[in-house]
Each structure stands twice: as C-alpha cells, then as structure tokens.
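Working notes, structure below.
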Amino acid sequence: MTATRIGFLIAAVSLLTVPLWVPGDYYVSVCSQILIYAVFALGVDVLIGYGGLVSLGHAGLFGIASYAVAYSLAAGVGHIAAILIGLVLALVGTAIFAALSLRVTGIGFIMITLAIGELLWGLAYRWISVTNGDNGISVASRPAPFGIALDAPSHFYYATLFVFALSVFATWVFIGSPLGASLKGTRDQPRRMNALGYHVWLIRFCACMFSGLLTAIAGILFIYYTQFISPQTLTLTASAEPVLMVISGGSGTLLGPIVGAALVEIVKNIASAYIERWNMLLGAIFVAIVIFMPEGLVPGTTRLVRRLLKAWVKAPTAAVEPTPGEPAP
Amino acid sequence: MNLWLLLAINSITFGGLLFLLSAGFSLIFGLMRIPNLTHGSMFMLGAYVGASVVGTFHLPFWIGALVAAAAVAIFGGVVERFLLRRLAGAEQAQVLVTLGISLIVADFCLMVWTGDPISVATPLGLVGGVHVVGLFFPTYRIAIILIACVIGALLWALLDCTRLGAMIRAGVDDPQMARVVGIRVSRLFTIVFCLGAAIAGFGGIMGAPILSVYPGLDNDMLPLALVVVILGGTGSLLGSLVGSFVIGFIYNYGQALFPELAYFVLFLPMLVVLVLRPQGLFGKQTP
C-alpha cells in the first residue's frame, strides 16, 4: 500500500512539474497530447477492461464531440456553449451507439462498433456542407478560463492536466462503485448476473454512457489542442489506437491505458524523429507485448516485479514455504 | 442508359473482387473466431508482390498472380502458426496482434515499394473489350467476374464435396466435438488461414489493373470485407458471395447517385441487417 502511495506521489509531482523538467515547448505539447489520449483510452478501457466489450468505433464518438465544438465555434457560439453542445451531442450519439451495438457482445460488438465508426467517418468525409470534407474545420481560439489564456503550451498543459486528473478520479470512483462492480460481474458471468436479478443490458448501457462521456471530454480537449479537425480523426486507425493503448498497457487497470497512451504517443511523436520506420516499431512493440506480456504492460510488469521481490526476499531464508495462489493484482 | 449499364458492370466486377477478399475472411472468422484485421494487408501485399513480379521481372501476369497468392499464403501460415495459435480465445490479444501486424505490413510495403501508386498493365489477351449486341464490355472486367465465379465454385466444391471440406464444416459447427472425433482442428486452422490468405492475395493482384496499388489500399479494403461478411453472415460462402455483389452495387451506385452520403449509404444496410438479424443474412444462429 505504501509503495502504491509513494508511486502515486512521484507520478503526481512529476506530472505537476512537467513544464519545468521537460526540454522545450514541443515536448510539453506532446505531454498534453499524451494526457488527452489517456483520457480517451480510459474511456475505452471502461468498456474493454471492465465490461469485456471491445469497441472499434470510439473515434466516431470522439469525432462527434470535436466536430460539434468546431462547428458551433465557427457558427459564432461562445466557448462554454460550444463545449456543452459538444458534450450533449456526443452523449446523444453514444446513447444511439450503445442502443445499436449492445444487442450483441464479443466479436459481434467489435463489428457493429466498427461499422458505426466507419459510418460516422463516411459522414465526416463526404457531408461537405457541414463538415467541410477533407479540408476540415479550424478553430480560431482557445478558451480562457478565469481570464487565463491557454495559448502557451504550458498553460494548456495545466488545463489538460486538471481535466485529466478529474477524469481519472471519476473513473476511479465509477470502477469502485456498486455499478462498477456489477459491470465487472456482467463481464465475467453475464448469465449468472442476469439470474441474480441484475439488468445486464442497463449496466452495460451505463458503462457505454460513461465511456462516451470520457471520450467526448477527450474529443473536446483534442479540438482545442490541435485547433483543427478533419475526417482523419475518425478513421478506423484512429479508433484502433485507443484500443491498442488499452490492451498494450493492460486492460482492466487504471494505470494501463495511461501507460499505453504514453507509449503510443511517445513512439508517434518522439521516436518518429529518429526512426523513419516508426510504424513498424509500433507494430513490433504490439506483437512483442502479446508474446511476452499478453495481459499488458502494467499487470505484466507488476507480476514480474513481485516475482523478483519474492525471489529476493526468499533467497536468504530458504526455509519459508512458497505461498500458493498469490492474489492476482 | 449506357451509364447505368457501365455502372452495373463495374458493380459486378467490384463485387467479384470483394468476394475474393471476403471469402477467406469469412472462413477464417467462421472457423477460428478470429477477427483477422490483417486481411486488408494481405490483399495489399498480394497486389504489391504481383505488381513487382509483373513490372520488375517482366514475367507474365498469371505467374505474378500465382507468386502473389503463394507468398501471401506463406505469410498467412507464418502468422497463424507462430502468433495466432498461441492466442486462441484471447480476443483482445488477437485484435492487438492483427492490428500490430497490419501496421508492420503497411510500413514494410511503404519501405520496399515507396509511396507512389503502382499501376499494373492489364494482362495481354484481355486488353480491350468485346461488342455484344451493340454494347461494349471490357474483357478484363468480365474475366474477373468469371474468375471469381470459378473460385467460388471451387471453394464450394471443396467445402461441400471433399473430406477436407467436411472436416472444416465440422470445425465451424462445433470445434470441440470435431476434436473429440479425431479431427486435428489446429491443422485445419492453418490450412484455412493459408487458403484465405492466398485468395486475398490473389484478389489483390487481380484488382491491381483496376484499382492500382497504393499505400492505404489495406485500410480501404478491410472495412469493405467486414461489411460484406457482416451482411452475408460469417462462415457462409453463399453469404459472402451475395454480400459481395450487394455491396459492389451499393458502392458503385452510391458513389454515382449520392456522392455526399456515399459511405453512409454503404454502411447503413449493414447496420440495418445487424440490428434486425445479428448473425447476417445467411449466417447461422450462434448458440
């Protein structure tokens, strides 16, 4: 417990001081990007890790939020109203998304969500009168909460960090709540949960809505970060990215998606400056993770460290019996 | 009037290509329950390998097509034998590894064949067209339709009339019982995966003279394969045949009639089918 607390403290302090120790504005922006994608990945993880539902269409929901904000701002609406419109539209979209896709689970769910994601991409790409097609929509300015302009990378970073911290906290509360516990129940034993009197569909629907909320938040952060949105944000690759982040980091953990987001964004933004074939590197990393740590980086590393610690502790006092069945992390 | 006919021919041709792409996808999905997200990459890889054989080594088109099919089959076999086999039932790991491989393949193709689109010449003997009752039909497109039909018939014969086919059908219906009666389902997996990969690679080079070969071809084709398979039902050959032609028509007519909503029109029927009949038009109800 204390180790977790120390780790949390170190993480919090290093996140709070990013603009001080990170070399240059560019890298501060990369950190903002990592946090935005971490929120997105957390939203996807609520479904994958706790609900057992792999969605390949979340970029569509992300895109609804981004496009709604960009379109409202272009139409001359204020920032607060635009953000609210984005949230509401994305949540309405999520409700429809959930109602359609929750008819099935497993691979069927992957397929339906992928179809909805592609449909939304198709709309963004071709519905030129609203989305401006491939040219996308630009956003002229970032909001200035409490009179602080967010144009400087470090200012924007702190705003993102604040939203990120809130999102992580909300996810933590959600997962720990009775609803979160019953969601895990529907993942492991849907029929038994049904027999126990739980409304499996409704629990999954609530999880979808929460996931959609986090995704919409990430989408709104994203539109203010890049100040530009195009159909590229809604492609299948864009939907696959958070799923890859979650699974590579470790689904069903809070830390996993964050680590996964950091991994993917660092390879994309920083390693790509040194290695021309960074896509291949990313693919190779995913394949290696599946081979060596199929449960993901965070649970895999935890297991490894625990085993090493145990071996290290046990070495001097060989008399101690190995305790069978250590509790899973 | 002539425009409609041309659109119809293009639709059927595209449907034939889609069938080559999705037949293997459907078999792999039906038998192994693996969402093979590398299938688009296999199509693209086949197209690139074939284009190289034809363009660089100046060999006849059909040799290029065979080499492409063989190369992609080997690639598929390696992926199945060394990666996917360890991941039976682990859906998340399968998604991760197939997407990872498709990233690698896409980047590998970009490295070897650069980003410029490669056009492949129509094979000699199939250039030009034929005139039937005053209408012009491009020969190559008709050849694609015929080849797709022949491959469909061969696959049907393989599945319905041979011992191997019976074993595959048993594996699709109930893998555990198939194992119990002494069928080596794991070997069937490799065979089906190689076969599906080979047809996809072959489809890639067959489509090359029409679609040309370019980076991003994989991401263009994969969603179409998914649409076809979802529409037709997984594991059903007839389903992917019907689905391919339906999507071929919707794709071509949609592009022509509703350019603004082309993709919406393309994915909408799939959504409707999924909602009303989640197992697809010709799929069996999964227990």
Karplus-derived HN-Hα couplings along region B:152-157 (A = 6.51, B = -1.76, C = 1.60, θ = phi - 60°), whole Hz, x at Gly and Pro: x, 5, 4, 4, 4, 4
Between region B:99-172 and region B:1-76, the Cα center-to-center distance that results, in Å: 4 Å
Using a 10 angstrom cutoff on alpha carbons, build the Gaussian network for chain A and name the most mobile of A:Pro19, A:Pro145, A:Pro299. A:Pro145
Under 13 Å from the Cα of A:Lys310 - aspartates and glutamates, other chains or at least 8 residues apart: A:Glu321, A:Glu326
By count of other Cβ within 10 Å, fewest leading, how are B:Phe19, B:Phe14, B:Phe202 ordered? B:Phe14, B:Phe202, B:Phe19
Counting other beta carbons within 10 Å of each residue's own, what order do A:Ser72, B:Ser119 fall into, fewest first? B:Ser119, A:Ser72
Cα gyration tensor category, rounded, prolate or oblate, for region A:186-300 with a/c compared to 1.5: oblate
Size of the protein assembly as shown as Cα extents on the principal axes (Å, biggest first): 80, 70, 53
Per-residue ellipticity at 222 nm attributable to helices in chain A (runs of n ≥ 4 DSSP H, -39500 (n - 2.57) apiece, nearest 500 deg cm²/dmol) works out to -23000 deg cm²/dmol
For a distance above 20 Å, tell me the whole-number percent of Cα pairs in region B:94-181 that qualify. 69 percent
Chain A: DSSP helices with Cα axial extent of at least 27 Å and average Kyte-Doolittle hydropathy no lower than 0.0: A:25-45, A:79-101, A:107-126, A:153-176, A:200-226
Taking the inverse of the average 1/r across all pairs of different Cα atoms in region B:1-77, what Kirkwood radius in Å do you get? 14.1 Å
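For B:Phe29, B:Phe245, what's the fewest-to-most ordering of other Cβ within 10 Å of each Cβ?
B:Phe245, B:Phe29
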Rounded to the nearest 500 deg cm²/dmol, what is the calculated helix-only ellipticity per residue at 222 nm for chain B, with -39500 (n - 2.57) per DSSP H run of length n ≥ 4? -25500 deg cm²/dmol
Environment charge of B:Gln255, counting only residues whose C-beta is closer than 15 Å and scoring Lys/Arg +1, Asp/Glu -1: -1
Surrounding charge for B:Ala225, neighbours by C-beta under 15 angstrom, Lys/Arg +1, Asp/Glu -1, total -3
Under a Cβ-Cβ cut-off of 12 Å, what is the net charge of the residues other than B:Ala166 that fall near it, where Lys and Arg count +1 and Asp and Glu count -1? 0
Amide H neighbours of A:Gly136 under 5 Å, counting only residues 5+ apart in sequence or on other chains, H built in-plane at 1.01 Å? none
Suppose a student asked you for the relative contact order of region A:88-219, using Cα pairs under 8 Å spaced at least 6 residues apart; what percent would you report? 33 percent
Each residue of region B:68-85 in order: what ³J(HN,Hα) in whole Hz does its phi give by Karplus 6.51 cos²θ - 1.76 cosθ + 1.60, θ = phi - 60°, with x for Gly and Pro? 4, 4, 5, 4, 5, 4, 5, 4, x, x, 4, 4, 5, 5, 9, 10, 5, 4
Compute the helix-to-body angle for B:237-257: its Cα long axis versus the longest principal axis of chain B, expressed 0 to 90° and rounded to tens. 40 degrees
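When only Cα pairs under 8 Å and 6 or more residues apart are kept, what is the percent relative contact order across chain B?
Relative CO of chain B lands at 37 percent.
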Over the alpha carbons of region A:238-322, what is the largest minus smallest coordinate on each principal axis, giving the biggest first in Å? 53, 28, 19
Please list log₁₀ I(q)/I(0) at q = 0.10, 0.20, 0.23 Å⁻¹ for region B:43-149, using the Debye equation with identical point scatterers on the alpha-carbon positions. -0.43, -1.09, -1.23
Quick one: which residues, 5+ away or cross-chain, put their amide H under 5 Å from the amide H of B:Phe136? H built at 1.01 Å from N. none
For B:Gly129, other-chain or 5+-apart residues with amide H closer than 5 Å (H placed, Pro excluded) are B:Thr139
Quick check: from the Cα gyration tensor, does region A:1-122 come out rounded (a/c under 1.5), prolate or oblate? oblate
Within a Gaussian network of chain B (alpha carbon springs, distance under 10 Å), most fluctuating of B:Gln92, B:Gln176, B:Gln255: B:Gln92
Using a Gaussian network model of chain A with C-alpha springs under 10 Å, which one of A:Ala273, A:Ala170, A:Ala65 is most mobile by mean-square fluctuation? A:Ala273
Mind listing P(r) for chain A? All alpha-carbon pairs, 20 Å bins, whole percents. 30, 57, 13, 1
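Taken together, the values in this text are just the output of simple stated rules run on the coordinates, not laboratory data. Please read all numbers here as calculations on a predicted model, not as lab measurements. Positions of Cβ are generated from backbone atoms using ideal geometry, with glycine treated the same way; all protein chains shown enter the neighbour counts.
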